Amino acid sequence: MPHISIIVVNYNSAPLTTACLKSLSGLELTKAEYTVLIVDNGSLDPYCLPAAFAIFAQVIRSESNLGFTGGNNLGIHHALEAFNSDYVVLLNNDTVVAKDFLEVLLQKAEADPQLGLLCPKIYFMENKEFHRASYLAEERGKVIWFAGGSLDWPNLLAFHRGVDEVDRGQYDDASQPDFLTGCCLLIKREVLEKIGLLDKRYYMYFEDVELSRKAVSFGYSLGFCPEAKIWHLNAGSSDGSGSALHQYYQSRNKLLFFWEYGGWRTKLTVINQLLRFLVSNNRMESMAAYHFITRQFGKQPII
């Protein structure tokens, strides 16, 4: 039977990680074996694995915060070396999963050798929607967070299809996505062996977009699997959307991604955006632009 390693990065968010583990403890998986690897990413209080989960999970400790890229890469290395895993799943710790989500993803992955990366349909956690007052009570928990990703090259945007929409199946037959999200991402071992791991220059944000496009450049296709479902709290352990961290890494990494993967028209747009960031009153945007120019990537002391 194939082996799947589910990698969950924890950073000072033990209650979220434990709730995620509780969700994973109920997985219905008949055609594979799985192990959950909790990467404790330099938390001030090391994560203590509850005894009830020790049968299927273990903790890997990093003494420093390696970011989303470094934490997941540490987990991937361990998965391949210790378990010889056929698949790895990157899973945010602020998620809960449907019992069959992994079985459904695996079935789709096994059926198509060309599929390199796959994502489930991801909803906002119930009552954690951005605009929850806009939804009826019965619609909450059915509001889409991710139904595939699209790239708007002229405007340097990477956006989620269906975000904030109540799920009525409108994206179930959508075309192949431009990218998949690292919130929940199944990756075949052979893909990692051919294209490498997450690019550590990104630290957090856009690393999943870059991995997706790199996989496509190696001839793999990306799969969105609407039958597999999970729920996401959204930025539960990174200070949330709109924080200084979010603004800085989104701004810097957007410049990096579109510069490296875009054509000449896109590069001109990147230069224009770069100049706007440099003179911006937003300190995070101007710092992001300066660091892009001076090639200061990875983790940066911005606060």
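The table that follows gives values for the structure above.
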item	result
Distance in nm between pseudo-label sites at residue 99 and residue 153 (7 Å out along the Cβ direction from Cα)	4.6 nm
Label zone at residue 3 (point 7 Å along Cα-to-Cβ), backbone N below 18 Å, the range 183-202	187-193
Residue-count net charge about residue 166 - beta-carbon cut-off 10 Å; Lys, Arg +1, Asp, Glu -1	-3
Relative contact order [Cα under 8 Å, 6+ residues apart], the chain, whole percent	19 percent
Cα convex hull of the range 42-88 - mean projected area over all directions, nm²	3.8 nm²
Cα centroid separation - the range 35-74 against the range 281-303, whole Å	28 Å
Using a Förster distance of 25 Å, the FRET efficiency for residue 22-residue 84 (Cβ separation, nearest 0.05)	0.35
Whole-Å semi-axes of the ellipsoid equivalent to the chain (Cα gyration tensor, √5λ, descending)	29, 22, 21
Contact order normalised by residue count of the range 125-235, Cα under 8 Å, 6+ apart, percent	26 percent
Helix-derived mean residue ellipticity, 222 nm - over the chain, DSSP H n ≥ 4, -39500 (n - 2.57), to 500	-10500 deg cm²/dmol
Set of lysines near residue 142 by C-alpha distance (under 17 Å), chain-local residues within fewer than 8 positions excluded	99, 121, 128, 229
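Throughout, read-outs are computed from the coordinates displayed, never taken from laboratory work. Predicted, not measured: the structure shown is a model, and the values here were computed from it. Quick reminder, even Gly has a Cβ in these numbers, built from the backbone with ideal geometry, and neighbours come from all protein chains shown.
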